[in-house]
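Taking it in order: structure first as structure tokens, then the write-up.
The values are calculated or read from the model by the stated rules, or taken from the named source; none is laboratory data. Please read all numbers here as calculations on a predicted model, not as lab measurements. As a convention, Cβ positions derive from the backbone with ideal geometry for all residues, glycine included, and neighbour counts pool all protein chains shown.
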Amino acid sequence: MPESAETHKRLHRKRLLYLLSGGAIAIVLLVIGAYDLLEFMESPEFCGQLCHVEMYPEWVTYQDSTHSEVTCAECHVGSGASYLVKSKISGVPLIFATLFHTYDTPVETPVHDLRPARDTCEQCHRPERFTGDLIRYYANYAEDEANTPETSSIGFKVGGGQSEVASGIHWHIGAELWYLPLDDERQEIAWVGVTDSNGDIETFIDPDKADQITPELIKSDKLLMDCIDCHNRATHVFNSPEDLIDKALTEGQIDLDLPFIKKKGLEVLDPVNASLEEANSRIELLRGFYEQSYPDIYVEKAEEIDKAIEQLKHIAVLTTFPTMKATWETHTNNATHEGCNRCHGTLAAEAEFENDPINSVIASNCKLCHFFR
């Protein structure tokens with residue numbers, strides 16, 4: 001073979017080798033970049049700050065919650081490629097809603113395509129394990145000069161356990177319990193079905209809504225009850241200024257010896273201010289109140305007053321969302337009596353209602369869930 005032809009072939013092989021090597025490096029870098037991008041897209045910072053700016057209230061309350069170390073994706077997506085793809089596809093309409101400002105204010109809840117709690121919450125929490133009773137202590141403070149505390153203790157029959165022997169509040173998860181909501185917020189429950197050990201279903205209905213319940217509707221819209229049906233504000237909790245001030249007083253973040261601090265704090269935070277700047281300006285006026293009304297305390301407790309003002313500003317951050325119109329009144333917390341009363345005291349055992357309308361109603365007795373000391 002002529003030397004020129006051999007040289008030409010070597011040159012082609014060398015170019016091919018460079019091309020293949022460059023392509024392999026590019027693929028590796030692309031995979032690493034895609035992985036890093038995907039990891040960033042699953043981070044709380046992406047969800048709360050970069051992409052979903054309309055989620056600011058949820059981002060703020062998330063940071064102050066007991067789940068602040070759990071990433072958004074762990075609850076909203078969970079593990080597995082199928083749910084990852086599904087979450088991205090379901091998020092496409094939200095992009096257009098954000099671009100054209102057609103999103104709801106506040107953000108609509110509950111999230112209807114949220115993965116079942118059995119695949120997310122129950123990776124850490126185990127309601128089928130018996131917990132027993134718990135006691136919680138609460139302190140509320142009067143709006144008087146001494147911020148007089150009133151304390152109480154309430155027992156919770158949390159219970160739990162496997163379906164055959166489950167008891168207490170977590171019986172609702174231990175059992176196979178289906179329910180039919182008539183509204184998007186899942187607050188109007190018209191039908192409940194509980195599957196027993198023989199596979200039979202005992203049904204309960206709201207007599208006032210019986211004409212809206214059909215077998216077809218039950219089959220298509222019934223939902224299996226899970227953790228989120230009660231703990232619907234497990235992370236994004238919108239507390240009232242009163243609850244947050246009481247909490248700060250209990251934890252010593254606000255000095256209990258500052259006269260009228262509970263009353264004055266509520267005056268500047270409830271109702272909600274038009275903006276966070278307005279809230280901060282009103283909070284700063286508390287210095288003048290103590291300087292004029294309690295000059296000795298103004299001097300002696302200057303540091304405590306500063307600390308109280310900073311804490312009230314933090315409470316303002318947690319409660320002031322004028323753009324998205326989210327408040328403690330717009331998001332019902334079902335882990336309270338409001339959630340219980342969707343069924344208890346409302347629904348009646350369908351098989352017994354006609355013969356015994358009163359006694360067939362599901363009891364709403366507080367002692368079903370609580371004991372008092």
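Details
- Within region 165-176, residues that are in contact (Cβ under 8 Å) with a residue 12 or more places away in the chain reach partners that are charged (D, E, K, R) and part of a loop (DSSP other than H, G, I, E, B) with beta carbons closer than 7 Å, at six or more positions or on different chains, in the pairs Ile173/Asp226; Gly174/Glu128.
- Flag for Ile315 being touching a Pro at 6+ places or on another chain (Cβ under 7 Å), in a helix (DSSP H, G or I) and more than 30 Å from Thr203 (Cβ to Cβ): yes
- Residue in region 225-239 that is touching a residue at least 60 places away in the same chain (Cβ under 8 Å) and among the basic types (Lys, Arg) present: yes
- Those residues of region 143-174 which are part of a loop (DSSP other than H, G, I, E, B) and either at pLDDT below 90 or at positive phi (or both), in sequence order: Asn147, Gly159, Gly161, Gln162, Ser163, Glu164, Val165, Ala166, Gly168
- Residue match in region 226-249 (condition: more than 30 Å from Trp178 (Cα to Cα), touching a Pro at 6+ places or on another chain (Cβ under 8 Å) and either in a helix (DSSP H, G or I) or in the same structural domain as Glu291 (by TED's automatic domain parsing) (or both)): yes
- Selection within region 357-373 - without any contact (Cβ under 8 Å) to a residue 24 or more places away in the chain and in a strand (DSSP E or B): Val361
- Residue satisfying condition, being touching a residue at least 24 places away in the same chain (Cβ under 8 Å) and on the phi > 0 side of the Ramachandran plot, within set Phe321, Phe260, Phe289: Phe260
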